[in-house]
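For reference, the structure is listed below as structure tokens.
The values are calculated or read from the model by the stated rules, or taken from the named source; none is laboratory data. Please read these numbers as outputs of a predicted model, since none were measured by experiment. Here Cβ is always computed from backbone atoms with ideal geometry, including for glycine, and neighbour counts include all displayed protein chains. In case anyone asks, the SASA skips ligands and DNA or RNA and just uses the protein heavy atoms, side chains included. Shrake-Rupley method; radii C 1.70, N 1.55, O 1.52, S 1.80 Å.
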Amino acid sequence: MTTSVSSSSCSSAISRALNFKIAAECTTSKARACLIGLPKCTVESPVFMPVGTKGTMKGLTSKQIEDIGFQIILGNTYHLGTNPGPELMEKANGLHDFMNWKRSILTDSGGYQMVSLLELSEVTEKGVQFASPYSDDGILLLTPEKSIEIQNALGADIIMQLDDVVSSTLVGPRVEEAMHRTIRWLDRCISAHKNSHRQNLFCIVQGGLDMDLRRKCIEEIVKRDTPGIAIGGLSGGEEKQVFWKVVDLCTSLLPKDKPRYLMGVGYALDLVVCSALGVDMYDCVYPTRTARFGTALVPWGQLRLKQSQFSADFNPIDKNCPCLTCKRYTRAYLNSIIKQETVACHLLSIHNLTYQIQLMRSIRKSILENKFPQFVKDFMKEMFPDANYPQWAIDAFASVKIEL
Amino acid sequence: MAGSCCRLGALQFGSKVVETPAFFIYNRSGVVPHITPDLLETLNNAPSIVMHTPLASILEEPGLEKLRKYGKGLASFIGYKDNSFYISASDYQGEAMYQYNENKSVSVWTKTGRTKVTADDYSKFIEACQPNWYQCLCDTVPANATTKRTRKSVDRTLEFLDQCLNYRQKQGNSLKATEIWAAVEGGGLVDERLRSAKESAKRPVFGFTLEGFSSDQMNVDTIFELLPLTTQNLPDDKPRLIHAIGSPANIIKAIESGIDLFDAYYPYNLTENNLAMVLPRKAIRSLNLLPKFTEVEEDENDSSDEAKRLDQSTTFSLLNLREDKFKEDFTPMVRGCKCFSCTNHTSAYIHHLIINKEMLGGVLLMIHNLFQYIEFFDCIRASLKNNKWKELQALFKA
């Protein structure tokens, strides 16, 4: 199926809404440290974007997020599109002003949430149709045009196309159908986009775990010349050995002079591996979600603070962590308040987000100093002190000439 | 100190001074509900904040053993080692189950159930905590308890006080850095109130807490009949603290009845009900009470939200942020309020957070309510200093 390339309004606008510079490249692996100049803020990559679903980072203020050091956060179009809705957002002057976040924002298309949260009715060429208790006829239809309309009202620096999302473990003709439809929907998104001079529309590469489909998708999608490219359809329970190979293929084929965004990836090991493979941007709910369940992230793994072993442990979560939680509180204290006080969630979220940003900064710094392979080795030793490295990680690093 | 009522005073501990009337910030297990320490620091009087921790929230967790093992005192354990704090034996958060108290012990209700605490148990626990101040163990009854039971509560509480004082004596230095407050009981009986006050006054205590005056335990008219009668029998030169009286109108009446210190359950209660406190800024400005209140506000002539502005100007009021009228209100909750929430966020955003059950809604409301409460007490002290008490009172009628 051939599709026409949309008008070139995208490329002339690129230089205005997104300014991409590679600051350093690792001479061993495919890792790179970049500067992504966006309307509100320049973002240093590799970058992890915390998820602020409904215009809030689960109990933390914009200022607290800013103080931890994040330059870009993610907002969910589905949630904000229903509550408070695009009309109100326009009156509020967009999401930045609404939540008082002065740096950059990326909004997703709403597609993924709808798949994961609502009962799936039907995917047609028109869009994604869902059963909804909130609409008069019981149906909620998210079209590429509607998604872009909402995202235009939200006003984020980066917006995502609506893609036809299928589970990464799915096989068969549906995967190919979704890949082709994603490209057609991209064209519709590009046509519907009203603000290309101040909002960057990223496309999303689909194709499941099929290398050929991925290849075909990339071939077509790069013709649309969007300011940035996302790799979608992964981090959904697929086998890790296949996961990294798909990421690796994509980063090898995608243009070097544009940011690559791997959606839904957030575990520390995945971040390090995929950075070695040439990914620039990530998002994940994991650090903040796991904080709410009482788990603290540390360089050597995780601490499940609800466990009784911590009840009289008077050490901070991580004595090397500069966050306010580690400076003031002990594991014992957090263990004592975890099930009862929402403040415990806030304190753990602050710690986990600090952990994530420290990790990304270390990755970036090592690339800038051309010491990334050594960083990887040190990281792995600390995370797996018994040297029981997961095979997939060994293979992935080896593919970019990093030997553990 | 001015005498037995409407008193201006100051509490000194170490290098810090708290001017009274004032309030202690309520915390549960060391947590100010919704607020992380960095947000607490945005409050004006942050360094001299006194934390109030009720015994019930720390008795089990962390508990005596853990605190002893930790060895650095409760303030440090809860992450507020630079703040002063006060431990109350009583707690107004749950139902007061005084029927379970006995001659030798009081029942304290924790998450897992009931623990009997004797005066000695309590004193040992306080030793491990090392607060600046603590209330003595007390047996509190509501106003409708029988005469016999009320008398017993006065006797028992005096006995607990003597046991606590005895412990302090015997232990030498271990409790030297702490101060003990007596608990004045007596339910709804004038005679018993006077007896409890006079007897407590004979003991070497730092201050007096007035127990049994919450609206659950006593009706409001009785409260303000008994309170002044009681405080008149307490020494002028020692502070008086009351729990569970928190609305501005009642605070004013309580100050007239000779009270110096309060706790902060009221701002927390408002927050849990999605309410924001609104001090009448324009009216306060016109009394010329505080320099910061004489600032000229921008957009005084802006005619939008006219009704909201008028409400805010002349009388104390509450805003319910759940209400639809805030959905598209892109102005701060209270114009002119310098709290973190009002300087950084809009009513519309806070409304959105509340409707969507987001934790940040509670956070922003709590900061605002504590901030306004602090300003309220600033006004109280300023009006006492400048002889504008009656004028201030008129702004906060119930």
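A few remarks follow.
- Cα centre as origin, Lys/Arg/Asp/Glu Cβ charges: segment A:263-379 dipole, Debye: 280
- Charge dipole (Cα centre; +1 on Lys/Arg Cβ, -1 on Asp/Glu Cβ; no other charges) of the protein assembly as shown amounts to roughly 1820 debye.
- Counted by Cβ distance under 13 Å from residue A:396, the other residues give a net charge of -1, where Lys and Arg count +1 and Asp and Glu count -1.
- For chain B, calculated [θ]222 nm from helices alone, where every DSSP H run of n ≥ 4 adds -39500 (n - 2.57): -11500 deg cm²/dmol
- Ordering of B:380-387, A:345-352, A:195-202, B:280-287 by burial proxy (mean other Cβ atoms within 10 Å per residue, highest first): A:345-352, A:195-202, B:280-287, B:380-387
- Of the beta bridges in chain A, as assigned by DSSP with both residues counted there, near 50 percent are antiparallel.
- Proximal lysines to residue B:385, defined as alpha-carbon separation beneath 27 angstrom and excluding residues fewer than eight positions away on the same chain: B:16, B:238, B:253, B:282, B:292, B:338, B:397
- Between the Cα long axis of helix A:144-154 and the first principal axis of chain A there is an angle of about 50°, rounded to the nearest 10.
- Net charge, residue A:65 excluded, C-beta distance under 13 Å - Lys, Arg +1, Asp, Glu -1: +1
- Leading residue at positive end of dipole, segment A:79-215 (Cβ point charges), from A:161, A:178, A:123: A:161
- With Cα atoms, 0 to 90° folded angle of helix B:119-129 axis to chain B main axis: 50
- The length gained on full extension between residue A:387 and residue A:369, counted as 0.36 nm times the residue separation minus their Cα-Cα distance, comes to 3.9 nm.
- Shielding by other protein chains, B:62-68, mean Cβ within 10 Å: 3
- Nearest-ten-degree value, helix A:342-368 long axis tilted from longest Cα axis of chain A: 80
- In summary, the convex hull built on the alpha carbon positions of segment A:46-173 has an orientation-averaged projected area of 9.2 nm².
- Across B:323, B:199, B:102, mean-square fluctuation computed from a Gaussian network of chain B (C-alpha pairs under 10 Å connected) peaks at B:323.
- Overall form of segment A:321-404 per C-alpha gyration tensor (a/c, 1.5; a/b vs b/c): prolate
- Choice from A:354, A:124, A:143 showing the highest fluctuation, given a GNM over chain A with Cα pairs closer than 10 Å: A:124
- Charge-dipole axis of segment A:333-404 as Lys and Arg at +1 and Asp and Glu at -1 on Cβ define it, positive-most pick from A:360, A:394, A:336: A:360
- Fraction of beta bridges assigned by DSSP in the protein assembly as shown that are antiparallel (%, nearest 5): 45
- In percent, rounded to a whole number, the relative contact order of segment B:47-116 is 39, using alpha-carbon pairs under 8 Å and six or more apart.
- Charge dipole of chain A (Cα centre as origin; +1 on each Lys and Arg Cβ, -1 on each Asp and Glu Cβ, all else neutral): 1200 debye, rounded to the nearest 20.
- Highest to lowest packing among A:173-185, A:308-320, scored as the average C-beta count within 10 Å: A:173-185, A:308-320
- Within-9-Å neighbourhood charge of residue A:106 [Cβ basis; K, R +1; D, E -1]: -3
- Overall form of segment A:123-209 per C-alpha gyration tensor (a/c, 1.5; a/b vs b/c): oblate
- Bridge orientation summary for chain B: considering DSSP beta bridges with both residues in this region, about 40 percent are antiparallel.
- Expressed as a whole percent, the accessible surface of chain B that belongs to carbon and sulfur atoms is 47, based on a 1.4 Å probe.
- Trypsin sites (Lys or Arg not before Pro) restricted to DSSP loop in segment B:18-87 with at most 13 other C-beta within 10 Å: B:72, B:81
- Lysines with Cα under 21 Å of residue A:401, excluding same-chain neighbours fewer than 8 positions away: A:30, A:240, A:245, A:256, A:365, A:371, A:377, A:381
- Gaussian network model of chain A, Cα within-10 Å springs - most flexible of A:372, A:70, A:98: A:98
- The calculated Kirkwood hydrodynamic radius for segment A:193-295 is 14.5 Å, given to one decimal from all distinct C-alpha pairs.
- FRET efficiency for residue A:194 and residue A:21, using Cβ-Cβ distance with R0 set to 30 Å, rounded to 0.05: 0.65
- Shielding of peptide B:28-41 by partners, expressed as the average count of other chain Cβ atoms within 10 Å per residue Cβ, is 5.
- Residues in segment A:118-203 average 41 Å² of solvent-accessible surface per residue, probe 1.4 Å, ligands and nucleic acids excluded.
- Accessible area buried by the pairing of B and A, both sides summed with a 1.4 Å probe, works out to roughly 3400 Å².
- Each Cα pair under 8 Å and six or more residues apart adds its sequence gap; the mean of these over the residue count of chain B is a relative contact order of 16 percent.
- Remark: C-alpha extents of chain A on the principal axes read 62, 49, 40 Å, sorted largest to smallest.
- Inter-chain Cβ neighbour average for residues A:54-60, partner chain, 10 Å: 6
- For residue B:52, the amide hydrogen comes within under 5 Å of the amide hydrogens of B:25, B:26, B:27, B:86, counting only partners 5 or more places away or on other chains and with H modelled in the peptide plane.
- Space enclosed by the convex hull of the alpha-carbon atoms of chain B, per residue, Å³: 136
- Scattering from the protein assembly as shown was approximated by placing one identical point on each alpha carbon and applying the Debye formula without solvent; log10 I(q)/I(0) at 0.05, 0.06, 0.09 1/Å stands at -0.33, -0.47, -0.92.
- Fraction of C-alpha pairs exceeding 14 angstrom in segment B:140-185: 55 percent, rounded to a whole number.
- Within straight-line cross-link reach of residue A:223, aspartates and glutamates at Cα separation under 16 Å, skipping those fewer than 8 residues along the same chain: A:187, A:257
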